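One structure is given here, and the rest of the page talks about it.
The values are calculated or read from the model by the stated rules, or taken from the named source; none is laboratory data. From a predicted model like this one, the values you see are computed outputs, not experimental measurements. Positions of Cβ are backbone-derived with ideal geometry, glycine not excepted, and every protein chain shown enters the neighbour counts. Surface areas here come from the heavy atoms of the whole protein model, side chains and all, with no ligands, DNA or RNA. Shrake-Rupley method; radii C 1.70, N 1.55, O 1.52, S 1.80 Å.
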Amino acid sequence: AMIPAYFSPLANHLWQSTAFAVGIWLLTLLLSNNRAQVRYRLWLAGSVKFLAPFAALVAVGRQFSWRSTPTVVQPDVTFIIDTISQPFAQTAAIPTLALSPASFSVVPILFVAVWFCGFAMSLLAWSVRWRRLAAMVRVATPLPAGREWAALHRLEQVMGLRRPMTLVSSDTSLEPGVFGILNPVLVWPNSISARLTDAQIEAVLAHELCHVRRHDNLAAALHMVVEAVFWFHPLVWWLERRLVDE
């Protein structure tokens, strides 16, 4: 029996994304003495690759190819890319479990049902955390003045941030952090100010503003989508750890 047609595109995409992530890992090993920002972008590319099938990237690349006189000999690279993008399309019979035609109609239904359960549970977990943080921000007190606000305003000018950040004070025991993507809010626990010097406060605020300038919340949201869709793949959870570390 051959691999069922409905499994072939998914199998192609999974092994291509896995191979791409392994290549990213080898590249980061070579760049271990480079800046963490470089390795972070490489890991992010490995994450985004899960959302972009290789065959689709090849098709897009062909649309933007140079409109010149076609050459007689096809480059070997094109042949290799075509082979990689469809590894199961031209293969001979691959031994698998012998299943009757009737069972094939049940397999995709079970597959989709199991996948959807994991997908829904991932979205539910993130929704609960998001609602908890949103409720915390709603009850937080805006800080229109004070040494925290002064340090934040000064850092925004130094870093060239055009849109002023909203600074709020919270009674929670969470660490300082930025909430939101389009209109980020910097949540500052009011219990830590008494224990920090002005220089320490400025260092913490600079750290959070770097997250805003690099759009790290947007990158985190993209990887959350990857984890929700490919929750069954251990590699996407390993990628999250690498992103956080870098």
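Observations
- In the range 191-202 there is no residue matching the filter, namely being open to solvent by 30 Å² or more (accessible area, probe 1.4 Å), part of a helix (DSSP H, G or I) and under 17 Å from Ala21 (Cβ atoms).
- Residue match in the range 222-233 (condition: free of Cβ contacts under 8 Å to residues at least 12 places away in the same chain and at negative phi): no
- Within the range 155-170, considering residues that are touching a residue at least 24 places away in the same chain (Cβ under 8 Å) and either open to solvent by 20 Å² or more (accessible area, probe 1.4 Å) or of a type in the set (A, V, I, L, M) (or both), the one farthest from Arg132 (Cα to Cα): Met159
- Close pairs from the range 19-31: first part of a helix (DSSP H, G or I), partner surrounded by fewer than 16 Cβ atoms within 10 Å (Cβ to Cβ), Cβ under 9 Å, at least 6 apart: Ala19/Ile84; Phe20/Ala45; Ala21/Trp238; Ile24/Ala45; Thr28/Asn34; Thr28/Val38
- Residue list for the range 153-190, restricted to those being part of a helix (DSSP H, G or I) and of a type outside the set (Lys, Arg): His153, Leu155, Glu156, Gln157, Val158, Met159
- Restricting the first member to the range 119-138 and to residues that are closer than 21 Å to Ser169 by Cβ, and the second to residues that are surrounded by 12 or more Cβ atoms within 10 Å (Cβ to Cβ) and of a type in the set (Phe, Trp, Tyr), the beta-carbon pairs closer than 6 Å and six or more apart or on different chains are Leu133/Phe179; Val137/Phe179.
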